[in-house]
Amino acid sequence: MQEDELNLKTDITISDEYYKSLETEAYNINDLPQLISNINDSDPLIKLKGLFGLGSLLLIETKKENPTQIYNDDINIIFNILENYPEEFKIECFKCLECIEYINYKLEKNIKYEPSEKIMKIMLYILDFPEKVKLELLFYNLKYINILLIQENYFDKFGVEKLYNSIKNIFEIKFSNNKKIIEPTLYILLALIKTKNELVTSEKILEIIPSLEIFLDKFQLEAEIKKVILNILYQLTEVNIDTPLPIKRKIMDKIIGLKMLPKLIDNIDKLDITEQKDQLMHLLRTVGNICAMEDGFYTDKILEFNFLDKLKILIQKKYPFETRKESAWIISNIAAGTSQQLIKLYENNFQDILIDIITNEEDNVIKDNCLWALYNYCNINNFEYLENIVEKGIIDIIMKRLNTDTGDILCCSLEALYKILCEGKKKDPAFFNIIETKINEYDILNDLKSLLKNNEEEMLRNKIEIILHNYYGIDDIQKFLDSNNEDNK
């Protein structure tokens, strides 16, 4: 598309002073019918004044929690001006369009009007040659693209590859120091990554990560930019997407290689848990995703940066539920790692923290993540530590929950009990007797019988049958189900 087609140049002479005075005058007009009348006027300067005023009213409305849809006229009037009038008009048109559709979005209405093919070309031209247009035009074009991308079909209209290359271009040229331009560009990148398109599953996505580190440094005091960068990192490290494992590893390696992790973890102490809640959530989810990688290498990297000290603080009750939930999930991921990582948790006294939460926490999500973590302690490669965990009451927790837990948590309870019995029998007969005495305080055979009668899940039944066979000499399960428990003791 040629520059003259874009109508960037104008025969209308508007000095900067007059432009500002026109803008100021328009912002004092609060009468919507008058503004619409001005927009429809044949005099270009009156038309521009109408756009100024409408943009001002709409901008105020977008900042309200419950906005009113104040513009219900034919939006094609604005589209027509955008197509046929010069740069100053285009700036105001994009501003109005972005506000209108943002209000629609807040009111949970679908975007009502689709830009024409010519307007799409104008937007793409601005993305192709951002240095050729006024800064304000680039800014409002980016903002309007962001609101359009809420609808998935617009990714096809713009083209994923096209948008990605435009983002890279804006990051790399003179705009890299400009907060006003970088922020909406980052949001476009976030929208691209969230679609889980082919871009995210290819090595191409790695090219953008160095820019994220640069912007974290440059704009470290800008809360909104930090929030969107942390959200991008969370989406990139999300373990549930279909990214091939080699690409996922390269993403993690890139983040670690650029020394982003210590900067991110260091940020935890500097985040206000009320004002910067989103930043903290994105950061914790990023760290949680890294710890969820099966390779213990990545969790080791997290633990190098004194993360456990911060985790102890974040799991405390004075913190909001979401913060504590994410922290409990991270602890469960670390506990599912190597024996050395479990030993680090033990040496940082997390077993006491976990037992306290399991005993006193009201929320089941937090409690269950802590149970997962505590049960994984049974894999610890240190018998002295395992003995200590038994003394602290892990068997009591397991036995008390056999009648209440279901599904995966119940399987973990039984698996933990089995491992404790195995280790006790293998390492120390005296300790094994302590375990058996502890178990015999409860009516375990009755609990196991009840579980067998009420569950058909093969994995669960297998775990119960192994315990019955190895520790009670029971091979005939049907006979056990039909018998009185006293006969088997």
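The values are calculated or read from the model by the stated rules, or taken from the named source; none is laboratory data. All figures in this text were calculated on a predicted structure; none of them were measured in a lab. Glycine also receives a Cβ, built like all others from the backbone with ideal geometry; neighbour counts cover every protein chain displayed.
Among the residues of segment 39-59, those that are surrounded by 19 or more Cβ atoms within 10 Å (Cβ to Cβ), closer than 14 Å to Y85 by Cβ and free of Cβ contacts under 8 Å to residues at least 40 places away in the same chain comprise K49, G50. Of the residues examined, I122 is one that is part of a helix (DSSP H, G or I), farther than 30 Å from Q220 by Cα and either in contact with a helix residue (DSSP H, G or I) (Cβ under 7 Å, 6 or more places away or on another chain) or touching a residue at least 60 places away in the same chain (Cβ under 8 Å) (or both).
Return the total of residues in segment 114-132 being under 26 Å from V200 (Cβ atoms) and surrounded by fewer than 19 Cβ atoms within 10 Å (Cβ to Cβ).
Going residue by residue through segment 114-132, those that are under 26 Å from V200 (Cβ atoms) are 120, 123-124, 126-128, 130.
Subset that is surrounded by fewer than 19 Cβ atoms within 10 Å (Cβ to Cβ): 120, 128.
Looking only at that region, the number is 2.
I'd like the full set of residues that are buried (at least 20 other Cβ atoms within 10 Å of the Cβ) and touching a Ser or Thr at 6+ places or on another chain (Cβ under 9 Å), limited to segment 335-367. Correct list: G337, Q341, I366. Note on segment 84-108: residues that are farther than 22 Å from P184 by Cα and without any contact (Cβ under 8 Å) to a residue 60 or more places away in the chain amount to 0.
Residues in segment 206-228 that are of a type in the set (A, V, I, L, M), at pLDDT 90 or above and under 19 Å from the mean Cα position of the chain (by Cα): 6 in all.
Comparison of K419, K438 shows that the only residue that is outside any loop (DSSP other than H, G, I, E, B), surrounded by 12 or more Cβ atoms within 10 Å (Cβ to Cβ) and in contact with a Phe, Trp or Tyr (Cβ under 9 Å, 6 or more places away or on another chain) is K419. Evaluated against (1) crowded, with 18+ Cβ neighbours inside 10 Å; (2) under 32 Å from the mean Cα position of the chain (by Cα); (3) over 22 Å from F480 (Cβ atoms), S413 falls short on exactly one condition, (3).
Residue-by-condition table, conditions (1) at pLDDT below 85; (2) within 24 Å of I126 (Cβ to Cβ); (3) outside any helix (DSSP H, G or I); (4) touching a helix residue (DSSP H, G or I) at 6+ places or on another chain (Cβ under 8 Å):
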site	(1), (2), (3), (4)
D4	yes, yes, no, no
I29	yes, no, yes, yes
S42	no, no, yes, no
L54	no, yes, no, yes
L58	no, yes, no, yes
D73	yes, no, yes, yes
F94	no, yes, no, yes
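Filter segment 133-164 for residues that are free of Cβ contacts under 8 Å to residues at least 12 places away in the same chain and loosely packed, with under 15 Cβ neighbours inside 10 Å and give the result. Write out each step before concluding.
As a first pass, look at segment 133-164 and keep what is free of Cβ contacts under 8 Å to residues at least 12 places away in the same chain: 153-154, 156, 159.
Hits for segment 133-164 are N153, D156, G159.
Screening E101 with (1) under 29 Å from the mean Cα position of the chain (by Cα); (2) of a type in the set (D, E); (3) surrounded by fewer than 22 Cβ atoms within 10 Å (Cβ to Cβ) gives one miss only, at (3). Could you tell me whether K168 is farther than 19 Å from K263 by Cβ and touching an Asp or Glu at 6+ places or on another chain (Cβ under 7 Å)? Yes, satisfied.
Residues K95, K121, K106: which one is at negative phi and in contact with a Pro (Cβ under 9 Å, 6 or more places away or on another chain)?
K106
Give T13, T24 a once-over and let me know the one that is of a type in the set (S, T, Y), surrounded by fewer than 20 Cβ atoms within 10 Å (Cβ to Cβ), at pLDDT below 90 and outside any helix (DSSP H, G or I).
T13
For the residues Q220, Q316, Q279, the requirement of being crowded, with 20+ Cβ neighbours inside 10 Å and more than 25 Å from Q340 (Cβ to Cβ) singles out Q279.
Applying the set (1) in contact (Cβ under 8 Å) with a residue 40 or more places away in the chain; (2) outside any helix (DSSP H, G or I) to L283 leaves exactly one unmet item: (2).
Answer yes or no: is there a residue in segment 427-434 that is modelled with pLDDT under 80 and not in a helix (DSSP H, G or I). Checked segment 427-434: at least one residue is modelled with pLDDT under 80 and not in a helix (DSSP H, G or I). Residues of segment 192-208 that are crowded, with 19+ Cβ neighbours inside 10 Å and assigned to a helix (DSSP H, G or I): L192, I193, I205, I208. Of the helices (runs of 4 or more DSSP H) lying entirely inside segment 289-404, those containing at least 3 residues that are hydrophobic (A, V, I, L, M, F, W, C) and modelled with pLDDT under 90 are 383-391, 394-401.
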